[in-house]
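The values are calculated or read from the model by the stated rules, or taken from the named source; none is laboratory data. These figures come from a predicted structure and were not determined experimentally. For neighbour counting, all protein chains shown are included, and Cβ atoms are generated from backbone atoms with ideal geometry for every residue, glycine included. The protein model used for the area step is the full one, side chains on, heavy atoms only, and it has no ligands, DNA or RNA in it. Shrake-Rupley method; radii C 1.70, N 1.55, O 1.52, S 1.80 Å.
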Amino acid sequence: MSEQSTGANAPTPPTATAPDAPGTTPSAQALTERGSNRSQRPSSAAFRRFISEGWAERTSTAPGAGPAAPYTAVRRARLSALFPGERLVVPAGPLVTRSNDTDYRFRPHSAFAHLTGLGTDQEPDAVLVLHPADDGHDAVLYFRPLAGRDSEEFFADARYGEFWVGARPSLDDLAAVTGIPTAPLDGLADALAKDVGPDGVRVRVVPAADDDVADLVDRARAASGRSEDELADDDAELAEALSELRLVKDEHEVAQMRAAVAATITGFERVVTNLGRAVAHPRGERVIEASFDGVAREEGNTVGYETIAASGDHATTLHWIRNDGVVRRGDLVLIDAGVEVETLYTADITRTLPVDGTFTEVQRRVYTAVLEAADAAFAVVRPGTRFRDVHAAAMEVVAARLEEWGLLPCSAAESLAPEGQFHRRWMVHGTSHHLGLDVHDCAQARRELYLDAELEPGMVFTIEPGLYFKADDLTVPEEYRGIGVRIEDDVLVTADGYENLSAALPRRPDDVEAWMRGLRG
Ligand code: GLY
Ligand code: MN
Ligand code: MN
């Protein structure tokens, strides 16, 4: 598997070129053609004819509309209403090189997934464009459709060719699945430039999604007369709107979140089942990571973010993803992990487990404080509560416990004041973030619609307080040092309160111990 990739920008893949003989000058073979010096691709006309013939007719599968299609139509209509008369460009993004001629698995940009319903592996280089129309916008999905068997791409293109990466959908296939009219990607440049001028159509593109598309857009809107700063603002406003569009999840999205949570719980069960093996392994944290990530691939697309498998003091490093430590009996292990399902919605759940299956007295004390902070946060979740007050509720408990334990340099009340915040030494992160297609979803939303906003039914976010006492923190008694606890659940705001989507994964210490006993036999 080492064929050189020959992407969109290399319309004519190189024909077989003899590698430079030792001692010949490098210029005999262009640098760009040397990605795979091992490859000798046949190129005779006879071979080209031979490989293009003798294949069974493609069976037309005529797919029906995907289950997301009615929902994505509503989402596009909401976006359309925000930008009347403008052209909106939402790229899926390109394949990304991992090294030399190998790419990462393709994951489309979350805004593209949200507006098209396309998920796993679909569709590199595709671009959704909302063209202004009399009654709103006409959506068109531009992409690179399945190439014919008579094309060089069919057998010779390691990045896009059917021999290498499998058959792509046809224009009709993707139109049927998404409910969006489709067009070949090579028509994009002209379509973007149509009617652009000083008094013409304004064009906005999602920033940082696809550099090649951004270049095309910039070329198209060169005629607009708008300054670079104005264009950057135009694009930032689009990103903001796309982020805000996802603050309240629709019924289809909530179903995807439930599926992501269910798969994630299966992942945590696999982790507990394999804890004995983790203890026996010199890099036990990797056993935990691999256990969870295996389930993520089996049950979903992959993980929604790098799994955190942090044993002992590693749990006090918030994003410990190196996961190369031992897992010791008697310690706690913090696992922060989420399965991203095929539609790309992800869960984000943390459990902190006693490696032996039983909390020690001090571990239980810290764990219970974090649990009480989480419960206090849950207790205020209902429509009308401000998002920031969920965090405030958790912090009241955290500060109170730290005061009880004599760790604060002042009273809890003084610490909770804006000019205090001493308790945050042991929990520097926030309590909640929106969750959905991105683990930190809706990140470009305006503050007044996020932190300062009132909760609404359909919002999904995490509640994830923690306490982290580093091994070298001389301000805490020795018995606390090296203990890190986070408990993270995924919450849906309902009409009159909330639903803890991850409630099926035990979180109370006795329940955790019983659940672990059950899984470990
Ligand atoms: N796993 C990242 C977070 O909890 O926000
Ligand atoms: Mn989180
Ligand atoms: Mn997390």
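Which of the residues belonging to segment 428-458 are polar (S, T, N, Q), closer than 16 Å to VAL390 by Cα and open to solvent by 10 Å² or more (accessible area, probe 1.4 Å)? Within segment 428-458, just SER432 meets the criteria. Looking at this structure, is VAL279 among the hydrophobic types (A, V, I, L, M, F, W, C) and either open to solvent by less than 10 Å² (accessible area, probe 1.4 Å) or touching a helix residue (DSSP H, G or I) at 6+ places or on another chain (Cβ under 8 Å) (or both)? No, not satisfied. The C-beta contact set for segment 139-155 (first residue within 18 Å of PRO42 (Cα to Cα), second residue assigned to a helix (DSSP H, G or I) and open to solvent by 40 Å² or more (accessible area, probe 1.4 Å), distance under 6 angstrom, 6+ apart or interchain) comprises PHE154/GLU162; PHE155/PHE163. One residue stands out in segment 123-134 among those that are part of a loop (DSSP other than H, G, I, E, B) and without any contact (Cβ under 8 Å) to a residue 40 or more places away in the chain: the one that is farthest from THR97 (Cα to Cα), namely ASP134. Of the set (1) within 15 Å of ligand 1 (Cβ to nearest atom); (2) open to solvent by 50 Å² or more (accessible area, probe 1.4 Å), all apply to ARG425 but (1). The residues of segment 462-508 that are small (Gly, Ala, Ser), touching a residue at least 60 places away in the same chain (Cβ under 8 Å) and under 20 Å from VAL272 (Cα atoms), listed by number, are GLY484, SER502, ALA504.
May I ask you to list the residues in segment 171-228 that are of a type in the set (Asp, Glu), within 15 Å of ASP125 (Cβ to Cβ), within 28 Å of the chain's Cα centre (by Cα) and open to solvent by 30 Å² or more (accessible area, probe 1.4 Å)? Hits for segment 171-228 are ASP211, ASP212, ASP215. Report, by residue number, each residue of segment 293-317 that is of a type outside the set (A, V, I, L, M), within 16 Å of ligand 1 (Cβ to nearest atom) and either over 12 Å from GLU340 (Cβ atoms) or open to solvent by 10 Å² or more (accessible area, probe 1.4 Å) (or both). Of everything in segment 293-317, those that are of a type outside the set (A, V, I, L, M), within 16 Å of ligand 1 (Cβ to nearest atom) and either over 12 Å from GLU340 (Cβ atoms) or open to solvent by 10 Å² or more (accessible area, probe 1.4 Å) (or both) turn out to be ASP293, THR302, GLY304, TYR305, GLU306, HIS314, THR316, THR317. Would a scan of segment 407-422 turn up a residue that is touching a strand residue (DSSP E or B) at 6+ places or on another chain (Cβ under 6 Å) and away from ligand 2 (no atom under 16 Å from the Cβ)? No, segment 407-422 has no match at all. The residues listed here are MET427, MET459, MET516; of these, the one that is touching a residue at least 24 places away in the same chain (Cβ under 8 Å) and closer than 26 Å to GLY119 by Cα is MET459. Checking each residue in segment 245-269 for being within 13 Å of LEU353 (Cβ to Cβ) and open to solvent by 50 Å² or more (accessible area, probe 1.4 Å) picks out only GLU269. Within segment 475-497, the set of residues being within 16 Å of ligand 1 (Cβ to nearest atom), over 16 Å from VAL398 (Cα atoms) and acidic (Asp, Glu) comprises ASP489, ASP490.
Please tell me if VAL439 is in contact (Cβ under 8 Å) with a residue 40 or more places away in the chain and either within 12 Å of ligand 3 (Cβ to nearest atom) or not in a loop (DSSP other than H, G, I, E, B) (or both). Taking the combined requirement at face value, the residue satisfies it.
Among the residues making up segment 485-506, those that are within 15 Å of ligand 2 (Cβ to nearest atom) and either touching a His at 6+ places or on another chain (Cβ under 9 Å) or of a type in the set (D, E, K, R) (or both) are ARG486, GLU488, ASP489, ASP490. Note on segment 398-420: residues that are more than 37 Å from the chain's Cα centre (by Cα) and exposed (fewer than 13 other Cβ atoms within 10 Å of the Cβ) amount to 4. Residue count for segment 318-335 satisfying the condition of being within 16 Å of ligand 1 (Cβ to nearest atom), open to solvent by 10 Å² or more (accessible area, probe 1.4 Å) and not aromatic (Phe, Trp, Tyr): 4.
Restricting attention to segment 459-485, the residues that are within 27 Å of the chain's Cα centre (by Cα) and open to solvent by less than 10 Å² (accessible area, probe 1.4 Å) total 10. Given (1) within 13 Å of ligand 1 (Cβ to nearest atom); (2) on the phi > 0 side of the Ramachandran plot; (3) not hydroxyl-bearing (Ser, Thr, Tyr), identify the lone condition not met by HIS433. Result: HIS433 fails condition (2) only.
For segment 79-111, the candidate set comprises residues that are free of Cβ contacts under 8 Å to residues at least 60 places away in the same chain and part of a loop (DSSP other than H, G, I, E, B); within that set, the residue that is surrounded by the most Cβ atoms within 10 Å (Cβ to Cβ) is PHE106.
Conditions (1) within 15 Å of ligand 2 (Cβ to nearest atom); (2) farther than 16 Å from GLY484 by Cα, marked per residue:
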position: ALA290; (1), (2): no, yes
position: LEU318; (1), (2): yes, no
position: GLY325; (1), (2): no, no
position: VAL339; (1), (2): yes, yes
position: THR360; (1), (2): no, no
position: VAL366; (1), (2): no, no
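Scanning segment 382-406 for residues that are part of a loop (DSSP other than H, G, I, E, B) and touching a Ser or Thr at 6+ places or on another chain (Cβ under 9 Å) gives ARG382, PRO383.
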